[in-house]
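Below you'll find the structure, written out as structure tokens, and then a few comments.
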């Protein structure tokens, strides 16, 4: 059985005095959060930083888009409590303006 994969790109901004704290939180991701992401359909999640700007790339399977996907409000709320105060601008979807795909001959 094949699953559909999607790739999403999000951007956000941190308060300058919260950059170190935000990075520390991501150096110590709780195992429950990792399990939750896997069960929610996330295949790969990567966050990059440039100054206070954050860039997130999420690769997910079809379960991630499903209305009945696994959602643990306790895990989500706890992570929001830990990270929420770090953001001057919360995550929003980035708009794709160009794509190149190599043709296989």
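The values are calculated or read from the model by the stated rules, or taken from the named source; none is laboratory data. Computed from a predicted structure; not experimentally measured. Please note: Cβ atoms are built from the backbone with ideal geometry, for glycine as well, and neighbour counts cover all protein chains shown.
Restricting the first member to the stretch 3-19 and to residues that are loosely packed, with under 11 Cβ neighbours inside 10 Å, and the second to residues that are at pLDDT 95 or above, the beta-carbon pairs closer than 8 Å and six or more apart or on different chains are 16/52.
Note on the stretch 28-52: residues that are at pLDDT 95 or above and surrounded by fewer than 11 Cβ atoms within 10 Å (Cβ to Cβ) amount to 4.
Filtering the stretch 84-98 down to residues that are assigned to a helix (DSSP H, G or I) and touching a residue at least 24 places away in the same chain (Cβ under 8 Å), which residue is surrounded by the fewest Cβ atoms within 10 Å (Cβ to Cβ)? Step by step, filter the stretch 84-98, then rank; the result is 85.
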